[in-house]
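The values are calculated or read from the model by the stated rules, or taken from the named source; none is laboratory data. None of these values were measured; they are calculated from a predicted model. Note that each Cβ is placed from the backbone with ideal geometry, even for glycine, and that neighbours are counted across all protein chains shown. SASA here: full protein model, heavy atoms, side chains in, ligands and nucleic acids out. Shrake-Rupley method; radii C 1.70, N 1.55, O 1.52, S 1.80 Å.
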Amino acid sequence: MSKPEPLFNRLALIGAGLIGSSIARAARAQGAARTIVATARSPKTRRRVAELGLADQVVESNAAAVEGADLVIVSIPVGECGTVAKEIGAHLAAGAVVSDVGSVKGAIVRDMAPYLPKKVHFIPAHPVAGTEYSGPDAGFAELFVNRWCILTPPVDADAKMVEKLAAFWRLLGANVELMAPDHHDLVLAITSHLPHLIAYTIVGTADELQAVTRSEVLKFSAGGFRDFTRIAASDPTMWRDVFLANKDAVLEMLGRFNEDVSALTKAIRKGDGDALFEHFERTRAIRKGIVDIGQDSPTPDFGRPHPDLPHEPLPKPYASEKN
Ligand code: NAP
């Protein structure tokens, strides 16, 4: 069967790290754009993008990338978005859709919108998909499959253009939902930003312990700690920017979290097993709900492979004399 006409003629990708390079790979695989042009801040990353053949053209500046593009996606740290909007504003083509992938939306609108001309359609987006790796080698075409992409169009956005961008993300395998930027920031504060803050905290706390050695922390990490370390290995630049940009929503959720930690602390101190049991039963149901709607695999222990049983014979004192 022949592929449908590409949705966009020229896709400009500013930033080609985990997210930008995954968009490039998926858009190429799905024929979502006729031509893909990419750029990144450093010559090193641009060279790598060219070596990997992620785009039809790799250019040296953000302004050059957007010339003639009908879809521009900015996939860079949140704190850089205002500066980049200023750089590209005057070079955008009339009627172009300008979007981003930032994990925070209110700050992106605040920082980018003032520099974008009226003749373009600014439709911010956030694909809720990622890994703890960064850079152009970390991306893969399937990253967005069955993940949500949240679009936060302004209230007066052109509905046809919003639908066109939604169609682009659906072609990359994502499910699309529309939200107001503030609501997005509140939802993501609890589902993503606070879990990252907790992981960064626990891993840091363990690292500072005196009574338990670092090698013990690493050795016995399968007790739960290692699952936090994956999240705590996420990109420091990205996450610094997320917490600075979503300060109010994160502080709101952190306040609630602290109240709940106090309640559990009290239950442990008072030996209130019923309170602990009830709480853990409720949280187990949430995990089941996530698996039930296909947002994670039901395989135990996140599907980690378990090595075979040992084949070495037991040493003499334990081995049966008959064998
Ligand atoms: P990344 O792998 O670190 O890549 C960032 C890219 O942005 C690099 O190619 C970098 O180029 C480029 N860049 C930085 N500043 C630039 C500038 N001023 N002009 C042009 N290019 C610039 O980061 P990522 O994980 O793809 O994250 C990018 C965005 O996606 C962030 O806003 C993040 O909030 C959002 N996001 C991330 C995830 C995730 O799990 N990682 C998930 C959803 C959304 P150099 O390499 O040359 O510096």
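Suppose the filter is part of a helix (DSSP H, G or I), open to solvent by 50 Å² or more (accessible area, probe 1.4 Å) and not charged (D, E, K, R); does Ile190 pass it?
yes
Do you know which residues across region 158-187 are open to solvent by less than 40 Å² (accessible area, probe 1.4 Å) and under 30 Å from Leu52 (Cβ atoms)?
Leu165, Ala166, Ala167, Phe168, Trp169, Leu172, Gly173, Ala174, Val176
Quick check, is Thr39 near the ligand (Cβ under 8 Å from one of its atoms) and either in contact with a Ser or Thr (Cβ under 7 Å, 6 or more places away or on another chain) or open to solvent by less than 40 Å² (accessible area, probe 1.4 Å) (or both)?
Details: near the ligand (Cβ under 8 Å from one of its atoms): yes; either in contact with a Ser or Thr (Cβ under 7 Å, 6 or more places away or on another chain) or open to solvent by less than 40 Å² (accessible area, probe 1.4 Å) (or both): yes.
Judged against the criteria, Thr39 is a match.
Does at least one position in region 170-185 carry a residue that is over 24 Å from Lys247 (Cβ atoms), of a type in the set (S, T, N, Q) and not in a helix (DSSP H, G or I)?
yes
Can you pull out every residue in region 283-314 that is surrounded by 10 or more Cβ atoms within 10 Å (Cβ to Cβ), among the aliphatic types (A, V, I, L, M) and closer than 24 Å to Ala129 by Cβ?
Answer for region 283-314, where residues must be surrounded by 10 or more Cβ atoms within 10 Å (Cβ to Cβ), among the aliphatic types (A, V, I, L, M) and closer than 24 Å to Ala129 by Cβ: Ile290, Val291.
So how many residues does region 87-127 have that are more than 17 Å from Asn9 (Cβ to Cβ) and assigned to a strand (DSSP E or B)?
5
Could you list, in sequence order, the residues of region 141-163 that are in contact with a Gly (Cβ under 7 Å, 6 or more places away or on another chain) and of a type in the set (Val, Ile, Thr)?
Result: Val145, single match.
Condition check ((1) out of contact with any Lys or Arg (no Cβ under 9 Å at 6 or more places or on another chain); (2) surrounded by fewer than 22 Cβ atoms within 10 Å (Cβ to Cβ)) across all residues:
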residue	(1), (2)
Ala69	no, no
Ile76	no, no
Cys81	yes, no
Ile108	yes, no
Asn146	yes, yes
Asp156	yes, yes
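Does Glu60 satisfy being part of a helix (DSSP H, G or I), surrounded by fewer than 24 Cβ atoms within 10 Å (Cβ to Cβ) and of a type in the set (Asp, Glu)? Talk me through it step by step, then tell me what you get.
Numbers: part of a helix (DSSP H, G or I): no; surrounded by fewer than 24 Cβ atoms within 10 Å (Cβ to Cβ): yes; of a type in the set (Asp, Glu): yes.
For Glu60, the condition - part of a helix (DSSP H, G or I), surrounded by fewer than 24 Cβ atoms within 10 Å (Cβ to Cβ) and of a type in the set (Asp, Glu) - is not met.
Quick check on Leu151: is it under 18 Å from Gly15 (Cβ atoms) and either more than 16 Å from the ligand (Cβ to nearest atom) or in the same structural domain as Gly82 (by TED's automatic domain parsing) (or both)?
For Leu151, the condition - under 18 Å from Gly15 (Cβ atoms) and either more than 16 Å from the ligand (Cβ to nearest atom) or in the same structural domain as Gly82 (by TED's automatic domain parsing) (or both) - is not met.
Is it fair to say Val72 is over 24 Å from Val242 (Cα atoms), more than 10 Å from the ligand (Cβ to nearest atom), of a type in the set (Val, Ile, Thr) and outside any loop (DSSP other than H, G, I, E, B)?
Judged against the criteria, Val72 is not a match.
Looking only at region 11-36, which residues are assigned to a loop (DSSP other than H, G, I, E, B), more than 9 Å from the ligand (Cβ to nearest atom) and open to solvent by 10 Å² or more (accessible area, probe 1.4 Å)?
Correct list: Gly31 only.
Got a sec? Which of Gly68, Gly95 is over 24 Å from the mean Cα position of the chain (by Cα) and closer than 24 Å to Leu178 by Cα?
Matching residue, one of Gly68, Gly95: Gly95.
Run down Arg34, Arg25 and say which single residue is of a type in the set (Lys, Arg) and free of Cβ contacts under 8 Å to residues at least 40 places away in the same chain.
Arg34
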